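First up is the structure itself, then whatever we jot down about it.
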């Protein structure tokens, strides 16, 4: 039986089991922790913003880059068509902004928002009690429980503790049944944090460490990259793992030591996929990440190691101030490919603090119908044939560190178009020159039109004199890069770069086109003009 079919059957069985355990007649068992007391003992390392507190108290909620003005109404009563905003609201990550408040009125406001959520969502709902969302909410409540209980009446404190316990119990029941492996991982992190914060009985902490360590090991590759290959998910997991790392270290067991080592490897992998401009690459569901949270995560990890390497199907070149990160197009195993992008042989390129070439990014949260469009190969700086995506096949990637050379191959186009594609990327002259060679290797009857796309970063201006075989790119910092090519026809088109925090940026893209032919090659070069 093929692995995808096994995964489908497993997902169906878990989904059916989850439906059963969430029936009203069985949900009463979730009240098993209703009388347990928890204490906020989890560290909060993310930065706080006092202006965000003032805005929320004035009815302005800026979450995931979208500003919603409530006009005095509860934010939980609004129907907002922006998934990231909604997830941020119900995940309570914004509680961190109240961390340092001293004013009783501001503390009361935070508590009233939690109690308002309890009044509306305290009974099970499939959307707001999704395992991953519930896990993040539990961790955020535990991080800031002293804030929520300081000044609360006895009935209010009991209500918060009771609903917190019910959510923890729901994760114990539903976490192992999650159809999405990442959901089970978030649940396991929250359950370890909850066990540590339980006031009367912490005896289950070592077992929770063992369970989390085993689950994490199953979802990471040897280098610490989550097998979904999504840097955004990598960061989201680290946000929660950093908060429970001290718990694992205190257990003094083999599982605790290995869990700490796995978290270190996750830090290193996220760092490796971060360009010199400070942002991770826009591949496989990752777009613009909150820079302040990213910096806070990096500050809680091991020392960064900047080097060329292969990692989870990606290739990283570093030389001087230049960074190139390319995607081989490796397809994750069933169950982990939900955010897969058709980015085979695509790359992003930065020099110093400036991004030069990138990708369009994932679709905006408020345009869900565009999700498939932004996942296509044409939305990435890579090759396509007849605008078709290159997914599947057997991609390969090789690194020559001494020569700063990456070689990537995909045979995804072999059957429909009669060629395999090879892309060679080389950094020269201390990172001031990037040379590319795209070769079509005959495998059948070649046909179609090869297009190489280079999506420029926001703010990059294109300058070209008519008739010249050279294009100059003027970066926001004033640096000028030359682009030359041979073996293809050139044109310039519009493009976009989507940021979940800054919105759409209108940009430009450089396009090279050539007829598909066996053993034909298109060569191109980006080089920094010296002043």
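So that you can scan it fast, the table gives a plain yes or no per residue for (1) over 18 Å from residue 342 (Cα atoms); (2) in contact with a strand residue (DSSP E or B) (Cβ under 6 Å, 6 or more places away or on another chain); (3) free of Cβ contacts under 8 Å to residues at least 60 places away in the same chain:
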site	(1), (2), (3)
413	no, yes, yes
422	no, yes, yes
435	yes, yes, no
446	yes, yes, no
450	no, yes, no
- Listed by range, strands (runs of 3 or more DSSP E) wholly within the stretch 328-446 having at least 3 residues that are buried (at least 19 other Cβ atoms within 10 Å of the Cβ) and at pLDDT 95 or above are 347-351, 354-358, 383-385, 405-410, 419-428, 433-442
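Being part of a helix (DSSP H, G or I), at pLDDT 95 or above and out of contact with any strand residue (DSSP E or B) (no Cβ under 6 Å at 6 or more places or on another chain) narrows it down to one of 265, 229, 245, so name that one. Give the derivation first.
Numbers: 229 fails: part of a helix (DSSP H, G or I); 245 fails: at pLDDT 95 or above.
Of 265, 229, 245, the one residue that is part of a helix (DSSP H, G or I), at pLDDT 95 or above and out of contact with any strand residue (DSSP E or B) (no Cβ under 6 Å at 6 or more places or on another chain) is 265.
Quick one: is residue 497 surrounded by 19 or more Cβ atoms within 10 Å (Cβ to Cβ), closer than 27 Å to residue 309 by Cβ and modelled with pLDDT under 95? Let's see the steps before the verdict.
Details: surrounded by 19 or more Cβ atoms within 10 Å (Cβ to Cβ): yes; closer than 27 Å to residue 309 by Cβ: yes; modelled with pLDDT under 95: yes.
For residue 497, the condition - surrounded by 19 or more Cβ atoms within 10 Å (Cβ to Cβ), closer than 27 Å to residue 309 by Cβ and modelled with pLDDT under 95 - is met.
Given the criteria modelled with pLDDT of 95 or more, out of contact with any strand residue (DSSP E or B) (no Cβ under 9 Å at 6 or more places or on another chain), farther than 20 Å from residue 47 by Cα and not in a loop (DSSP other than H, G, I, E, B), does residue 138 qualify? Walk me through how you get there before you give the answer.
On the way: modelled with pLDDT of 95 or more: yes; out of contact with any strand residue (DSSP E or B) (no Cβ under 9 Å at 6 or more places or on another chain): yes; farther than 20 Å from residue 47 by Cα: no; not in a loop (DSSP other than H, G, I, E, B): yes.
No.
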- Query: Looking only at residues in the stretch 165-202 that are outside any helix (DSSP H, G or I) and in contact with a helix residue (DSSP H, G or I) (Cβ under 9 Å, 6 or more places away or on another chain), which one is nearest to residue 337 (Cα to Cα)?
  - Reply: 180
- Would you mind telling me which numbered condition in (1) in contact (Cβ under 8 Å) with a residue 40 or more places away in the chain; (2) outside the structural domain of residue 41 (by TED's automatic domain parsing); (3) part of a helix (DSSP H, G or I) residue 208 fails? (1)
- Message: Looking for something buried (at least 24 other Cβ atoms within 10 Å of the Cβ), touching a helix residue (DSSP H, G or I) at 6+ places or on another chain (Cβ under 8 Å) and under 18 Å from residue 313 (Cβ atoms) - is there at least one such residue anywhere in the stretch 231-245?
- Response: yes
- Item | the stretch 289-314: number of residues that are buried (at least 20 other Cβ atoms within 10 Å of the Cβ) and part of a loop (DSSP other than H, G, I, E, B) | 4
- Task: Just need a number here: residues in the stretch 251-275 that are in contact with a helix residue (DSSP H, G or I) (Cβ under 9 Å, 6 or more places away or on another chain) and in contact (Cβ under 8 Å) with a residue 12 or more places away in the chain.
- Result: 16
- Message: Could you list, ordered by first residue, the pairs with Cβ atoms under 9 Å in which the first is in the stretch 378-394 and assigned by TED's automatic domain parsing to the domain that holds residue 450 and the second is surrounded by 24 or more Cβ atoms within 10 Å (Cβ to Cβ) and in a helix (DSSP H, G or I), at least 6 apart or interchain?
- Response: 383/377; 384/377; 387/377; 388/377; 389/377; 390/377; 391/377
- Could you run through the stretch 447-464 and say how many residues are part of a strand (DSSP E or B) and either within 20 Å of residue 487 (Cα to Cα) or not assigned by TED's automatic domain parsing to the domain that holds residue 387 (or both)? 7
- Query: Of the conditions (1) buried (at least 20 other Cβ atoms within 10 Å of the Cβ); (2) farther than 19 Å from residue 258 by Cα; (3) under 19 Å from the mean Cα position of the chain (by Cα), residue 180 fails just one. Which one is it?
  - Reply: (1)
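The values are calculated or read from the model by the stated rules, or taken from the named source; none is laboratory data. Because the structure is a prediction, the values reported are computed rather than measured. When we count neighbours, we look across all protein chains shown, and the Cβ atoms used for this are built from the backbone with ideal geometry, even at glycine.
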